[in-house]
Amino acid sequence: MQINFFQKHHDSPLAGHPGQEKTPKLIKSDFYWAGMNQFIKDYVSPCQKCSRNTNIHHKNFELLKPLSIPSRPLNLLSMDFITQLPLSNNFHSLLVAMDRFSKMEIFIPAYGTITALDLAQIFISHVFSKYGLP
């Protein structure tokens, strides 16, 4: 009976294989039986789906560190792509570059896939030709 109950609360797609830490908390909110913690540990520890879903291979999280303040305009740029936009003049992405000194933003239409050479050419034609080199 315990195995059938546990299969419904652990193995079903709705349960989502919550792992060794969350499974006891979920079940204890409604049920309890003698030896339940050991039963859960014995049942969950060999579960391959739980072990695949558990991400223990990441660095420890740290607090964000402030970015340095540049000494002059266009000395440091932050950039990112906005993708999957509606097609406009054969472009469906935007390259957004922001000068970290002045907070000036430059919006450049772009294609979906850009190589490093394409990015360099975009910067030469849209940024450096208008504002000069840093």
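Once the Cα atoms are used to define both axes, helix 19-28 deviates from the longest principal axis of the chain by about 60 degrees. With 5 Å bins beginning at zero, the pair-distance distribution over Cα atoms of the chain amounts to 2, 8, 13, 12, 8, 6, 6, 6, 7, 9, 9, 7, 4, 2, 0, 0 %. Of all lysines in the structure, those lying under 23 Å Cα to Cα from K59, and not within fewer than 8 positions of it along the same chain, are K22, K49. Here the contact order of the chain, divided by its residue count and restricted to Cα pairs under 8 Å and six or more residues apart, works out to 14 percent. Charge dipole (Cα centre; +1 on Lys/Arg Cβ, -1 on Asp/Glu Cβ; no other charges) of the chain amounts to roughly 280 debye. Distances between every pair of Cα atoms in the range 77-131, grouped in 10 Å steps from 0 to the bin holding the largest one, split as 23, 55, 21, 0 percent. Note on T115/T83: beta-carbon distance plugged into 1/(1 + (r/R0)^6) with R0 of 22 Å gives a FRET efficiency of 0.90.
Summing charges over all other residues whose Cβ lies under 12 Å from the Cβ of M79, with Lys and Arg as +1 and Asp and Glu as -1, gives -2.
Near N37, once Lys and Arg are set to +1 and Asp and Glu to -1 for all other residues with Cβ below 13 Å from its Cβ, the sum equals +1. Sorted on the mean count of surrounding Cβ atoms within 10 Å across their residues, most packed first, peptides 92-102, 37-47, 59-69, 78-88 read 92-102, 37-47, 78-88, 59-69.
Read the figures in this text as sums done on the coordinates, not as results from a lab. Model, not experiment: these values are computed from the prediction. So basically every Cβ, Gly included, is an ideal-geometry build from the backbone, and we count neighbours across all protein chains shown.
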